[in-house]
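The values are calculated or read from the model by the stated rules, or taken from the named source; none is laboratory data. Please read these numbers as outputs of a predicted model, since none were measured by experiment. Ideal geometry is used to build each Cβ from the backbone, glycine not excepted, and the neighbour counts take in all protein chains shown. Surface accessibility is based on the protein's heavy atoms, side chains included, excluding ligands, DNA and RNA. Shrake-Rupley method; radii C 1.70, N 1.55, O 1.52, S 1.80 Å.
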Amino acid sequence: YSIYESRSITVVMTASKVVKIVPRCEELCPSHEVQFRRENALLHPLEKDFGVRLVKEYTRPAAGCDHGNPDLLRTPEALLKSVDYLIEVYEREDLPFGMRFSFVEDRMRAVRQDSTITRVSGNLALTVFEKQISFVIRSEYRARSERSKAFEAKLHATASEECFQRWSRLLSESESSIANDLRCQVAAAHCLKRANEPESIVMAIEYRAILGQDLFKTVFDILLSYREGNSLRFFRLISSLPDSSLLRPAPNIKLPLDMISSWLGYTEKDTKEFLTVAGVIVEEDCIFPMKIEQERMENVVLISDLVFIKRGVAKSTPDKVEIDEAQLKELLQEQVGDAVKVKADDEEMEDEEEALKELMKEYEKDGDDDQMSGPKMKGIAMYANPKDDPYITNHDDSDEEDEKDDFVIRPDDNLIVAAKVDQGQYSLEVRVYNEAADDFYVHHDYLLEAPPLCLEPFYYDPGSDNKQGNLLAVGTMSGSLEVWDLDIVNSVDPVLILEAEGSGKKKKKKGGRKKRDGTAQGHVDAVLSCRWNAQMPHVMASGDAAGVLVLWDIDEAKPATVIDAQGQGGIQSMNWHPVESSVLLTGSMRGFVDARDCRSDKVAAQWNLGSDVEVEKVLWDHFSPFHAVVASNDGKLRYLDMRQPGTFLLEGLAHEGGVEAIGMSCAKKGLMATGGADGTLALWSLSSSALTEIHRTPLSLGRIHSLAFSPNSPLIVCVGGDKEDLTRIVDLGKYEQVVSAFP
């Protein structure tokens, strides 16, 4: 016999065929090894001092080593027993981590050695390797997070590759494998581990039966978004993985540095420096996302949604928030908090409130700023009114008049609100658009605490005398639905927050209207869509990433109905029927489109695009109320008739990479616009019998995430993307094809 070693795998062979060895050892460690190691003081410190049982250690192939001795090889049952015991040892928090990690890693290597020599197979062998894979993944995360000296990256990577290869081979050789939760997670981890390889998608398809429909859909979409370079969708989907020890936070998923550099738009050197400062491990030109902070969405710039406000709705002169003394003190406290702490420490004051009082007194003192020991503005004094500045002697009133004119909202002005994400800063940008004067400028904005995902204007205010208002609902990643009054400038808080009571989120005290009854449930996950019911103005609908649909009673500021659309995934889009006030159309991440009668909580009609298709947008055809348009991430548009559930009248490819935005003209029947991942704006002529593309143009805005038609001008569209100026007005009347098709 001759012995060969390849990646620590020992195989005993004859010149003609592999010898099948029948193992005879039923214990964790062969008796011969136990005796030898005890006599020669070769016990591991855990075995010697901490009462850990002896487990067979790994030995390298060498001359004179009888690796093929059946008495020294463990049976499949003994191998499984060894793995279970080793996992118990690894999970003992009373033992030093580095010591137990190195011990278990070595003994697991010996398990793989025995299983290779004896050529174990079947479900028992699969379980042995699945539990080893679980250890490899979990231990890597812990070892890297603790910077353990016992962790050797190359050795661990070899062990990981060996485990996955042996498991994959055993799975392919098995005539029938019993599906279980661990096997499902291992299959998903195997796909994600090879995310940077094209065959990972093929692998996911091969594992589809093991993964199950829901997890397969998530894994497939992660791999697809990774290959497409869609960073926002990639990280959003990563955060939606099941909260298990193998898949989340999935630290072993290595992301190539060159791909991260392309996402961020930096050089590889700058990217590496940036990630290192941010605390992300960078090794061998890959990063290991120890903690993916989805809610911060750093380094992402885009317009996630935008909406038009009808002419005549906004106040001609918006109200300005005046900050009183108490609010000013609160803002000062936030800004000088660090200085307060320093001052408290310096003066050995135990009560920080007393330190703040002392600091406020210094701010209130008259005289030279240099006498103030607290923080202060240096170099130049700022005056709210330039006329008060003694250094300005030539006052020009024209600028002031221009500012006043820009602040006034004229009757023929539209407001356009954009949900902006800018490298960890989140805001609502309120612009004024005047078609006649071709004006388009930022009027004011609001800062948000969480990324905005969807917007919906509504003109009903239960707190006003005439019930009319200029309000905006904002669905956020934090799981709340915020309501902002667009007629109030300089607001620092929404007038109302609709969210689940007991959701665990910290709430601020609001100066406006509050919820009267906090007993009902609401959203506990990111709010992906929301729509106001104009026919029943006190009703607002919203859907979240967990598949929960909430009908809000705006009068009472609480949920009226909570519907859990189990198995359909997140509700990404919704649209109230233009005539039937109780019918709501929804589209989900699992490919379902539902026409739901909200009076009875029943689905009146349903369409299923398939579990591998994600519905991006749904839109009723307000010129033909029985019909609706569905846009999806496979790049297709579909036209349906609610009287014919399950079938589509029309279907066609609109954008490579997915349709992400869709809109319909307010007055030109059949005129529709779409935007997608390919960065183009496509214009369509739609009827019950045909969907015809009439024009397509690139906008240099990157991916088009949102678009909206003007409610007052049938040929004006506003588009939002993720590059250059982010937001742009497009006059479709400038395109000859549009004018010809829609005179």
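Whether any residue in the stretch 657-679 is surrounded by fewer than 15 Cβ atoms within 10 Å (Cβ to Cβ), under 28 Å from residue 221 (Cα atoms) and free of Cβ contacts under 8 Å to residues at least 40 places away in the same chain is what I want to check. First the steps, then the outcome.
First pass over the stretch 657-679, keeping only residues surrounded by fewer than 15 Cβ atoms within 10 Å (Cβ to Cβ): 667.
The next check asks that each one be under 28 Å from residue 221 (Cα atoms); those that pass are none.
Within the stretch 657-679, not a single residue is surrounded by fewer than 15 Cβ atoms within 10 Å (Cβ to Cβ), under 28 Å from residue 221 (Cα atoms) and free of Cβ contacts under 8 Å to residues at least 40 places away in the same chain.
With a cut-off of at least 1 residues that are over 18 Å from residue 91 (Cα atoms) and hydroxyl-bearing (Ser, Thr, Tyr), name the helices (runs of 4 or more DSSP H) lying wholly within the stretch 119-197.
Values: elements: 122-145, 153-173, 181-193.
Helices (runs of 4 or more DSSP H) meeting the threshold: 122-145, 153-173.
Would you confirm whether any residue within the stretch 225-238 is under 22 Å from residue 615 (Cβ atoms), over 20 Å from the mean Cα position of the chain (by Cα) and not assigned by the TED database to the domain that holds residue 677?
The first filter runs over the stretch 225-238 and keeps only residues under 22 Å from residue 615 (Cβ atoms), leaving 225-228, 230-238.
Next, only the ones that are over 20 Å from the mean Cα position of the chain (by Cα) stay: none.
Scanning the stretch 225-238 turns up no residue that is under 22 Å from residue 615 (Cβ atoms), over 20 Å from the mean Cα position of the chain (by Cα) and not assigned by the TED database to the domain that holds residue 677.
State yes or no: is residue 609 surrounded by 15 or more Cβ atoms within 10 Å (Cβ to Cβ) and touching an Asp or Glu at 6+ places or on another chain (Cβ under 9 Å)?
Values: surrounded by 15 or more Cβ atoms within 10 Å (Cβ to Cβ): yes; touching an Asp or Glu at 6+ places or on another chain (Cβ under 9 Å): yes.
Answer is yes for this residue.
Quick check on the stretch 420-461: of everything there that is under 17 Å from the mean Cα position of the chain (by Cα) and open to solvent by 30 Å² or more (accessible area, probe 1.4 Å), which residue is modelled with the lowest pLDDT?
423
When you scan the stretch 89-99, do you find a residue that is under 20 Å from residue 27 (Cα atoms) and not in a loop (DSSP other than H, G, I, E, B), even just one?
Yes, some residue in the stretch 89-99 is under 20 Å from residue 27 (Cα atoms) and not in a loop (DSSP other than H, G, I, E, B).
Here are some residues: 726, 699, 683. Which one is surrounded by 19 or more Cβ atoms within 10 Å (Cβ to Cβ) and within 21 Å of residue 619 (Cβ to Cβ)?
None of the other options fit; the residue is 683.
Return the residues of the stretch 564-588 that are open to solvent by 30 Å² or more (accessible area, probe 1.4 Å) and in contact (Cβ under 8 Å) with a residue 40 or more places away in the chain; say none if nothing qualifies.
Step one: of the stretch 564-588, the residues open to solvent by 30 Å² or more (accessible area, probe 1.4 Å) are 564, 566-567, 578-581.
Once the filter is applied, which keeps residues that are open to solvent by 30 Å² or more (accessible area, probe 1.4 Å) and in contact (Cβ under 8 Å) with a residue 40 or more places away in the chain, the stretch 564-588 yields 567, 578, 579, 580, 581.
Taking the conditions exactly as written (over 17 Å from residue 76 (Cβ atoms) and surrounded by fewer than 20 Cβ atoms within 10 Å (Cβ to Cβ)), does residue 144 satisfy them or not? Steps first, answer last, please.
On the way: over 17 Å from residue 76 (Cβ atoms): yes; surrounded by fewer than 20 Cβ atoms within 10 Å (Cβ to Cβ): yes.
Answer is yes for this residue.
Can you tell which of 155, 86, 72, 79 is touching a Ser or Thr at 6+ places or on another chain (Cβ under 7 Å) and either open to solvent by 10 Å² or more (accessible area, probe 1.4 Å) or at pLDDT 90 or above (or both)? Even if it seems obvious, please write down each step before you answer.
Values: 155 fails: touching a Ser or Thr at 6+ places or on another chain (Cβ under 7 Å); 86 fails: touching a Ser or Thr at 6+ places or on another chain (Cβ under 7 Å); 72 fails: touching a Ser or Thr at 6+ places or on another chain (Cβ under 7 Å).
Going through 155, 86, 72, 79 in turn, just one is touching a Ser or Thr at 6+ places or on another chain (Cβ under 7 Å) and either open to solvent by 10 Å² or more (accessible area, probe 1.4 Å) or at pLDDT 90 or above (or both): 79.
Return the residues of the stretch 524-542 that are within 24 Å of residue 470 (Cβ to Cβ) and of a type outside the set (A, V, I, L, M, F, W, C); say none if nothing qualifies.
529, 531, 533, 535, 537, 538, 542, listed by residue number.
Taking the stretch 46-58 only, how many residues are in a helix (DSSP H, G or I) and more than 17 Å from residue 108 (Cα to Cα)? Step through it out loud before you land on a result.
Initial filter on the stretch 46-58 (in a helix (DSSP H, G or I)): 46-49.
When the remaining residues are screened for being more than 17 Å from residue 108 (Cα to Cα), the result is 48-49.
Looking only at that region, the number is 2.
Taking the conditions exactly as written (of a type in the set (A, V, I, L, M, F, W, C) and either part of a loop (DSSP other than H, G, I, E, B) or at pLDDT below 90 (or both)), does residue 104 satisfy them or not?
Working: of a type in the set (A, V, I, L, M, F, W, C): yes; either part of a loop (DSSP other than H, G, I, E, B) or at pLDDT below 90 (or both): no.
Answer is no for this residue.
Hey, could you check the stretch 63-88 for residues that are assigned to a loop (DSSP other than H, G, I, E, B) and aliphatic (A, V, I, L, M) and say which is farthest from residue 173 (Cα to Cα)?
Checking each candidate, the answer is 63.
I'm trying to understand the selection: among the residues of the stretch 462-473, which are free of Cβ contacts under 8 Å to residues at least 24 places away in the same chain and open to solvent by less than 20 Å² (accessible area, probe 1.4 Å)? Even if it seems obvious, please write down each step before you answer.
Step one: list which residues in the stretch 462-473 are free of Cβ contacts under 8 Å to residues at least 24 places away in the same chain, which gives 464-466, 468-469.
Within the stretch 462-473, 469 is the sole residue that qualifies.
Of all residues in the stretch 648-659, how many are in contact with a strand residue (DSSP E or B) (Cβ under 7 Å, 6 or more places away or on another chain) and either aromatic (Phe, Trp, Tyr) or not in a strand (DSSP E or B) (or both)?
Taking the stretch 648-659 first, the residues in contact with a strand residue (DSSP E or B) (Cβ under 7 Å, 6 or more places away or on another chain) are 648-655, 657-659.
Then keep just the ones that are either aromatic (Phe, Trp, Tyr) or not in a strand (DSSP E or B) (or both); that gives 648-649, 654-655, 657-658.
Residues meeting the conditions: 6.
Do the conditions hold for residue 195, that is, is it of a type in the set (A, V, I, L, M, F, W, C), open to solvent by less than 20 Å² (accessible area, probe 1.4 Å), in the same structural domain as residue 92 (by the TED database) and farther than 19 Å from residue 83 by Cβ?
Values: of a type in the set (A, V, I, L, M, F, W, C): yes; open to solvent by less than 20 Å² (accessible area, probe 1.4 Å): yes; in the same structural domain as residue 92 (by the TED database): yes; farther than 19 Å from residue 83 by Cβ: yes.
Yes.
Condition first: outside any strand (DSSP E or B) and farther than 18 Å from residue 430 by Cβ. Now tell me which residues in the stretch 452-480 satisfy that.
Looking only at the stretch 452-480, we keep the residues that are outside any strand (DSSP E or B), and these are 461-467, 477-480.
Correct list: 462, 463, 464, 465, 466, 467, 477, 478, 479, 480.
Of all the residues that make up the stretch 536-547, how many are at pLDDT below 90 and open to solvent by 10 Å² or more (accessible area, probe 1.4 Å)?
2
Being surrounded by fewer than 10 Cβ atoms within 10 Å (Cβ to Cβ) and at pLDDT below 50 is the filter here, so list the residues in the stretch 8-38 that pass it.
14, 15, 16, listed by residue number.
Among the residues of the stretch 414-441, how many are among the polar types (S, T, N, Q) and touching a residue at least 40 places away in the same chain (Cβ under 8 Å)?
Taking the stretch 414-441 and keeping what is among the polar types (S, T, N, Q), we get 414, 423, 425, 427, 434.
Keeping just the survivors that are touching a residue at least 40 places away in the same chain (Cβ under 8 Å) gives 414, 423.
Final tally of qualifying residues: 2.
In a loop (DSSP other than H, G, I, E, B), more than 17 Å from residue 716 (Cβ to Cβ) and of a type in the set (Ser, Thr, Tyr) - does that describe any residue in the stretch 660-683?
no
Right, residue 118: of a type in the set (Val, Ile, Thr) and either open to solvent by 10 Å² or more (accessible area, probe 1.4 Å) or modelled with pLDDT of 90 or more (or both) or not?
Values: of a type in the set (Val, Ile, Thr): yes; either open to solvent by 10 Å² or more (accessible area, probe 1.4 Å) or modelled with pLDDT of 90 or more (or both): no.
Taking the combined requirement at face value, the residue does not satisfy it.
Kindly establish whether residue 126 is crowded, with 18+ Cβ neighbours inside 10 Å and either in the same structural domain as residue 223 (by the TED database) or not hydroxyl-bearing (Ser, Thr, Tyr) (or both).
Working: crowded, with 18+ Cβ neighbours inside 10 Å: yes; either in the same structural domain as residue 223 (by the TED database) or not hydroxyl-bearing (Ser, Thr, Tyr) (or both): yes.
In short, yes.
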